[in-house]
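Everything below concerns the one structure shown next.
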Amino acid sequence: MPKIYLIRHGHAQTSNLGEKNPALDSVGDQQAIEIVRDLDGLDPCPIWTSPLRRCRQTAAPLAYRWLATPIIEPSVTEVPSPMQDPVIRSAWLMQMLTMSWPEMANAGEQLRAGYADSLKDWREKMLYAILSCREDTVIYSHFFVINALIAHATQEDRVVCAMLDYGSITVFDVEHHRLRLDRIGRQMVSHLH
């Protein structure tokens, strides 16, 4: 039964709020190193990462330790939103924190026709990719990705099932083509950035 280690990327730079693909800041760099310590004892296995820079940079220390090349996996990238501007997108996503997935789809559909289908497609592709893992896999991804997988595994409708901290590790088992939640990663003590 493969174990899937879903890791939320480290803290990213916030100085330029309009940046669509920010790098890690110094706190995020330290979190990336701490993840390697947290995974100490895990045998080397495939490393997947979202294409976004903050995930690739968070994965780099473990890849270096294991002398591995991470696989860039588009299906575990950030949740789609009905707008492109990063500042407006961030504000909209903050509003989605208290909603269910159907409510998020409806809210997005009101802003952009076809959004509900793109959200459904994103969730299905992500789940298919995770369920296709045949061996232990470490995956560096995003807050909404991990929450969508927790929601699926626990049959929840909520967009946010856990306020996952940067660098947290949530563990799933893939068993008989089903996703089972093993443990939820460290949660934030304060609010989401």
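The residues of the stretch 106-158 that are among the aliphatic types (A, V, I, L, M), surrounded by fewer than 16 Cβ atoms within 10 Å (Cβ to Cβ) and not in a helix (DSSP H, G or I) amount to a single one, 113.
The set of residues in the stretch 91-105 that are in contact (Cβ under 8 Å) with a residue 60 or more places away in the chain and buried (at least 17 other Cβ atoms within 10 Å of the Cβ) contains only 96.
Taking the criterion of being surrounded by 12 or more Cβ atoms within 10 Å (Cβ to Cβ) and free of Cβ contacts under 8 Å to residues at least 24 places away in the same chain, the only residue of the stretch 172-190 that qualifies is 186. Residues that are in contact (Cβ under 8 Å) with a residue 24 or more places away in the chain, farther than 24 Å from residue 119 by Cβ and part of a helix (DSSP H, G or I) are absent from the stretch 8-26. Comparison of 51, 44 shows that the only residue that is over 22 Å from residue 126 (Cβ atoms) and either modelled with pLDDT of 95 or more or assigned to a strand (DSSP E or B) (or both) is 44.
The values are calculated or read from the model by the stated rules, or taken from the named source; none is laboratory data. Please read all numbers here as calculations on a predicted model, not as lab measurements. Because the Cβ atoms are built from the backbone with ideal geometry, glycine has one as well, and the counts that use them run over all protein chains shown.
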